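Please read the structure below before turning to the comments.
The values are calculated or read from the model by the stated rules, or taken from the named source; none is laboratory data. Since the structure is predicted, the reported quantities are computational estimates derived from the model, not experimental observations. Reconstructed Cβ throughout: ideal geometry from the backbone, glycine too, with neighbour counts over all protein chains shown.
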Amino acid sequence: MDFIETTSRTFGKRGSIEVITGSMFSGKTEELIRRLRRAQYAGLKVEIFKPSLDKRYSENRIVSHDEKSIVSTPVENASSILLLAGDVDVVAIDEAQFFDNSLINVCNSLADNGIRVIVAGLDIDFMGNPFGPMPALLSIAEFVTKVHAICLRCGNLAHYSYRKSEESQVVLLGEKDKYEPLCRSCYIKALRKEQ
């Protein structure tokens, strides 16, 4: 049983923010789904949200790259989460990097009201810069889990989501056709070859 599950049962309902982060293909959504299934098994009421722009695998589910999935509600903006959360014990938010900074206040509000908030998202974009509200969420979270993919070029732990295509916009949904996980050394080498 997770520490958070144990403490909430022992001391009553306590709000908190957990962040799961890392590069693409690192298992963020898989870990989110694992935690949600455990919460459901414990009889907790769970609501799951994702940005409506993410329709890669499913419109109404969050789906990991290894095809594990769980029902979710797509929302246009973070404030919708407050309206739709209702009487729940756990709120989960996948692909948090695609929301604006109002997600920070939404997560704080939920946690302040005794809700366990679990957020998953990329911490950096394809250029290696902090991504959306994720840096602030990492700083206010009680619990942070950093997961890593495996670098496809050398086998070390990967931290970067290298974009293989030439599109320059920050938000570009894609899979292995557009991105590959790389370690710092291989990421820098790949960028230098582009120049």
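Going by the conditions given, is Tyr162 aromatic (Phe, Trp, Tyr), more than 24 Å from Leu53 (Cα to Cα) and either at pLDDT below 95 or not in a loop (DSSP other than H, G, I, E, B) (or both)?
no
Considering Ala190, Ala136, which residue is more than 30 Å from Arg116 (Cα to Cα) and either modelled with pLDDT of 90 or more or in a helix (DSSP H, G or I) (or both)?
Selected residue: Ala190, the only one of Ala190, Ala136 that is more than 30 Å from Arg116 (Cα to Cα) and either modelled with pLDDT of 90 or more or in a helix (DSSP H, G or I) (or both).
Regarding Val88, is this residue part of a loop (DSSP other than H, G, I, E, B), within 20 Å of Ile70 (Cα to Cα) and not hydroxyl-bearing (Ser, Thr, Tyr)?
Here the answer is yes, as Val88 does meet what is asked.
What is the number of the single condition among (1) small (Gly, Ala, Ser); (2) in a strand (DSSP E or B); (3) closer than 19 Å to Ser185 by Cα that Gly121 does not meet?
Failing condition for Gly121: (3).
Restricting attention to the stretch 63-105, report how many residues are modelled with pLDDT of 90 or more, closer than 13 Å to Thr29 by Cα and of a type in the set (Val, Ile, Thr).
1
Give the residues of the stretch 45-62 that are at pLDDT 80 or above and surrounded by fewer than 17 Cβ atoms within 10 Å (Cβ to Cβ), sorted by residue number.
Lys45, Ser52
Can you find a residue in the stretch 22-40 that is buried (at least 23 other Cβ atoms within 10 Å of the Cβ), hydroxyl-bearing (Ser, Thr, Tyr) and assigned to a helix (DSSP H, G or I)?
yes
Is it the case that the stretch 165-187 has a residue that's surrounded by fewer than 20 Cβ atoms within 10 Å (Cβ to Cβ), part of a helix (DSSP H, G or I) and modelled with pLDDT of 95 or more?
Looking for residues that are surrounded by fewer than 20 Cβ atoms within 10 Å (Cβ to Cβ), part of a helix (DSSP H, G or I) and modelled with pLDDT of 95 or more, one finds at least one in the stretch 165-187, hence yes.
Tell me which residues, restricted to the stretch 86-119, are over 19 Å from Glu76 (Cα atoms) and buried (at least 24 other Cβ atoms within 10 Å of the Cβ).
Val90, Arg116
Please enumerate the residues belonging to the stretch 10-29 that are under 16 Å from Val117 (Cα atoms) and modelled with pLDDT under 95.
Result: Gly12, Lys13, Arg14, Lys28, Thr29.
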